[in-house]
Amino acid sequence: MMLRALDGGFVTYVGNKLNYLYHQNTDALREHLASAAAGIVVIGGLQLLIAGGTLIFDPLAAVLGMPVYHNEGVAAQLGLFVLVISWVLTGSYLGIVHRLLIPAGMMYQAAWWAMTFQVAQFASIMAAAVMRLSMLQTSLLFAVVQIIVYVASALYVGRVLPGFYPWLRGANVRMGLEDLGHSLMLTSSNVIQQSATNGVVIMIAALAGPIAVPLFTTVRTVTNLWTSVTTVLTAPLLPEVVRIHVKGEVHKLAAINQAFWVLVGSAVNWGALFFYPLIPFLYGQWTAHAVVLNKPLLALMLASVVVTNAGALMALHLNGINSLRIVFATSVARAVLALGAGAWGFRFLGLSSFGLGILAGEFAATLMTAHYFVKHELAGKGAPLSSQSFGPVTLSTGSALLFFVGSGLGWWSNRWSWLAALTGVAAASVWGWKTLGHESRTRLTSMATRWFPLS
């Protein structure tokens, strides 16, 4: 995953460029798509060099967490090399090709293929476990499955979007390398984010011992459910917000953000609050009561999810148009506060300090994103939001945030504060709905009635 992060920034950067060039200049789109192969060759060569280096240099293998000076060490290193080869040959460049589906209005197809990748990879790992394959055999099976799925997806994209095939026609090496250079800040952001995500686990193991790791990771898995809800409800809006940006329809961008705060914000805040009392029971069933639920950590992690949700669409927009500086700055803020505050507060709060650090990081990142978005993407282009526009999202997010933070820090009992938080979110939903324009409410109502065949 760390080696794949090296090309993640480049794939995202070029993919975003394809999104808005699709609405501006299809000839330029074809040239950037073809030229991306040059950047992939450079990154792929570096990935293969690192993976191959683990076969020669034991210290490098040790840094990547592989056993050395043992028979299984060679198998692990060969397995990594096999996985990297399959990724370089298929996943890297075809990951860019897949991004053509998004601006072409084939978001559902892109989602189905993404799901197919996940299911196929999971199935290959489970099959390897059932057959008790070695590390090398597992890597070979995983690589073969990955190649088959990626080749099948490439054939599909070539068939449904023949206008861009062959993809490598008209490649410009210089353009590909320039795109690679521009994407380095985004790559750095991805590496920092990965380091923070995995670094928290490493730091917990160092401070509290390996036995504390599942106490944290299981809680993070539970809270990631609501992060996934935000992602599922936000990702389909990417083509629309990029198109709006390209067309300069800033008033629509303001309206879609207000509607997002009312609908998605209410759904996530309501869901997180409503299911909160049920989580201890479900958590016990899931872990077979073998892991004790850290309730303060759970509450603080849910608070971070609520904050992230408030800025999700703004972050999606800024990522989609390659606003690299603000993306990099928010990644640094998340990493520094999650790791720094977590380590500093561990002796006072235990594992909860990492929940508080992650919350602080998300809060800082959301404030930075909102300030940049409102100043440069809305007010700077003639569509400032009134202070009243922020009222509903502030009340909704603030109600849920105050409840979870108070629960995590033991400020109050849960029953009455929980009901008060639900009331705040409900009031914010009604208030937010009334602040939407007539056209937005009419369109949203029309969309909702499609779910009821008898209406």
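Below is a table of values for the structure above.
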{"read-out": "Separation of alpha-carbon centers, the range 142-195 and the range 209-274, rounded to whole Å", "value": "25"}
{"read-out": "Shape call, the range 394-444: gyration tensor on alpha carbons, a/c limit 1.5", "value": "prolate"}
{"read-out": "In Å, descending, principal axis extents of the Cα set of the range 235-331", "value": "54, 28, 18"}
{"read-out": "Reduced Cα scattering model of the range 11-168, Debye log10 I(q)/I(0), q = 0.13, 0.16 Å⁻¹", "value": "-0.70, -0.94"}
{"read-out": "Inverse of mean 1/r across different Cα pairs in the chain, Kirkwood, Å", "value": "24.0"}
{"read-out": "Total charge dipole magnitude, the chain, about the Cα centre, Cβ charges on Lys, Arg, Asp, Glu only, Debye to nearest 20", "value": "740"}
{"read-out": "Cut-off of 10 Å, at most 16 other beta carbons, DSSP loop: longest stretch of the chain lacking such trypsin sites (Lys or Arg not before Pro)", "value": "170-449"}
{"read-out": "Per-residue [θ]222 nm for the chain (sum of -39500 (n - 2.57) over DSSP H runs n ≥ 4, rounded to 500)", "value": "-26500 deg cm²/dmol"}
{"read-out": "Alpha-carbon centroids, the range 351-375 and the range 304-321: separation in whole Å", "value": "11"}
{"read-out": "The range 143-193 - convex hull of the alpha-carbon atoms, volume per residue in Å³", "value": "133"}
{"read-out": "Reciprocal of mean inverse Cα separation for the range 369-409 (Kirkwood radius, Å)", "value": "11.8"}
{"read-out": "Cα lying deepest toward the dipole's positive end in the chain, options SER389, ALA123, MET1, charges on Cβ", "value": "SER389"}
{"read-out": "log10 of Debye I(q)/I(0), alpha-carbon scatterers only, for the range 16-68 at 0.15 Å⁻¹", "value": "-0.58"}
{"read-out": "Unit charges at the beta carbon, dipole of the chain: most positive-side option, VAL306, PHE354, LEU89", "value": "VAL306"}
{"read-out": "Under 21 Å between alpha carbons - lysine pairs in the chain that sit 8 or more apart or on different chains", "value": "7"}
{"read-out": "Semi-axis lengths (Å, descending) of the ellipsoid that matches the C-alpha gyration tensor of the range 314-455", "value": "32, 25, 14"}
{"read-out": "Dimensionless Rg/Rh of the range 250-398 - Kirkwood Rh, Rg from C-alpha atoms", "value": "1.03"}
{"read-out": "Gyration tensor verdict on the range 146-296 (Cα atoms; rounded if a/c is under 1.5, prolate if a/b is larger than b/c, oblate otherwise)", "value": "prolate"}
{"read-out": "Hydrodynamic radius of the range 102-235 per Kirkwood, over alpha carbon pairs, in Å", "value": "19.0"}
{"read-out": "5 Å-binned pair-distance histogram of the range 195-282 (Cα, whole percent)", "value": "3, 11, 16, 15, 12, 14, 11, 8, 6, 3, 1"}
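Just so you know, all these numbers are worked out from the coordinates, no wet-lab data involved. Predicted model only: the values in this text are computed from it and were never measured. Using ideal geometry, Cβ is built from the backbone for each residue, glycine included, and neighbour counts are taken over all protein chains shown.
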